[in-house]
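Step one of this worksheet: look at the structure below.
The values are calculated or read from the model by the stated rules, or taken from the named source; none is laboratory data. Note that the structure is a prediction, hence the values are computed from the model and not measured. For neighbour counting, all protein chains shown are included, and Cβ atoms are generated from backbone atoms with ideal geometry for every residue, glycine included. What goes into the accessible areas is simple: the full protein's heavy atoms, side chains included, and nothing from ligands, DNA or RNA. Shrake-Rupley method; radii C 1.70, N 1.55, O 1.52, S 1.80 Å.
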Amino acid sequence: MKKSTAQWLPLLFLFSLSVSVKSQQPGSIDTTFGYPKIAFGDSSRFGSFGSPKAMIIQPDGKFIVAGSFDNYNGAVRSGIVRIKTDGRVDENFVVATGFNTGTPKVLALQSSDQKIIAAGDFTTYNNAPRKNIVRINNDGTLDNTFIVGAGFNQPVNDVAIQSDGKIIVAGNFTQYDGMPRRYIARLNTDGSLDTTFSTTGTGLSGNVLCIALDPATGKIILGGNFWEYNGISRQHIAVLNNDGSLDTVFTPPSIGFDAAVDYLQLQPDGRILAAG
């Protein structure tokens, strides 16, 4: 889900490490994964490699990959593709024109129905206007029940799905469907803005790059390029309550991180891993 997977995504499709096949040693190449010699391409750059940005794995083991590419092993796939466990294109995931403008940068999978939330920096999906966020059915078609209106006015950097199905969205934006929302917003399951989630006051002083959710408490951990929340010092990391208010129990040092936080991960013991 995280955009940081882009750092190692190209490697995934050059080789797949075997850790469970008895006939192979741990760490050896999994020869059952029939990857192509050139997986992702981008004809707009004269046949050069495309650039995967995000990946999720379905419960059945298939990969969904999104990014700035227009084909996978020669099959036309504009910005998104589903790949079988043996490395072949899943022809049952039909994307038509896909993301023919812009680039999806983050993916999230709804556990209830396996629909896909894709977000990033784009304006259409299958030629339908979708500004920086879209929901896609499990067969690759556009989910028309997820209504985003004018969408986000600037790129989305991360999304996370709560246990109730609501969607936390973070990025560089200041509006969603014309409504003021500075860098963080929550959407209902139908795509409408959840107005019960409100960052009152001045909110965040800069953009949010990553999100982690605490399933035990419902709290939302934010990392990014900000230094205040409603005038209270929060140097690049903050925790919000489920209603969008600042969690004042989580009090990092006033100097905090000296630069942006790009990635967050919550450990089972509740401690937070941060990188940037």
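Could we say that A150 is assigned to a loop (DSSP other than H, G, I, E, B), over 30 Å from P253 (Cα atoms), among the aliphatic types (A, V, I, L, M) and open to solvent by 10 Å² or more (accessible area, probe 1.4 Å) here?
So A150 fits the description; yes.
Whether any residue in the range 246-255 is touching a strand residue (DSSP E or B) at 6+ places or on another chain (Cβ under 6 Å), without any contact (Cβ under 8 Å) to a residue 40 or more places away in the chain and of a type in the set (F, W, Y) is what I want to check.
Yes, there is a match, as at least one residue in the range 246-255 is touching a strand residue (DSSP E or B) at 6+ places or on another chain (Cβ under 6 Å), without any contact (Cβ under 8 Å) to a residue 40 or more places away in the chain and of a type in the set (F, W, Y).
How many residues are under 24 Å from N157 (Cβ atoms) and open to solvent by 10 Å² or more (accessible area, probe 1.4 Å) when one looks only at the range 70-81?
The qualifying residues number 3.
Return a yes/no flag: does the range 3-25 have any residue that is surrounded by 15 or more Cβ atoms within 10 Å (Cβ to Cβ), modelled with pLDDT of 55 or more, under 22 Å from Y263 (Cα atoms) and out of contact with any Cys (no Cβ under 8 Å at 6 or more places or on another chain).
For the range 3-25, residues surrounded by 15 or more Cβ atoms within 10 Å (Cβ to Cβ), modelled with pLDDT of 55 or more, under 22 Å from Y263 (Cα atoms) and out of contact with any Cys (no Cβ under 8 Å at 6 or more places or on another chain): absent.
When you look at D190, is it more than 17 Å from the chain's Cα centre (by Cα) and open to solvent by less than 10 Å² (accessible area, probe 1.4 Å), yes or no?
no
In the range 232-273, which residues are assigned to a strand (DSSP E or B), among the aliphatic types (A, V, I, L, M) and buried (at least 17 other Cβ atoms within 10 Å of the Cβ)?
If the condition is that a residue be assigned to a strand (DSSP E or B), among the aliphatic types (A, V, I, L, M) and buried (at least 17 other Cβ atoms within 10 Å of the Cβ), then I237, A238, V239, L240, L246, L264, I272 are the ones that fit.
If I ask for residues that are in a loop (DSSP other than H, G, I, E, B), acidic (D, E) and either more than 16 Å from N138 (Cα to Cα) or open to solvent by 10 Å² or more (accessible area, probe 1.4 Å) (or both), which ones from the range 90-121 would you list?
Once the filter is applied, which keeps residues that are in a loop (DSSP other than H, G, I, E, B), acidic (D, E) and either more than 16 Å from N138 (Cα to Cα) or open to solvent by 10 Å² or more (accessible area, probe 1.4 Å) (or both), the range 90-121 yields E91, D113.
Considering only residues that are charged (D, E, K, R) and modelled with pLDDT under 90, look in the range 38-69 and name the one that is least open to solvent (accessible area, probe 1.4 Å).
Applying the filter and picking the extreme gives D42.
From the list A185, A216, A170, which residue is under 18 Å from I237 (Cβ atoms) and among the aliphatic types (A, V, I, L, M)? Walk me through how you get there before you give the answer.
Details: A185 fails: under 18 Å from I237 (Cβ atoms); A216 fails: under 18 Å from I237 (Cβ atoms).
On inspection, the qualifying residue turns out to be A170.
Exactly one of (1) among the small types (G, A, S); (2) touching a Pro at 6+ places or on another chain (Cβ under 8 Å); (3) surrounded by fewer than 19 Cβ atoms within 10 Å (Cβ to Cβ); (4) closer than 17 Å to D121 by Cα is unmet by G171. Its number?
(3)
Is it the case, given these coordinates, that I83 is within 24 Å of the chain's Cα centre (by Cα) and modelled with pLDDT of 50 or more?
Against the criterion (within 24 Å of the chain's Cα centre (by Cα) and modelled with pLDDT of 50 or more), I83 qualifies.
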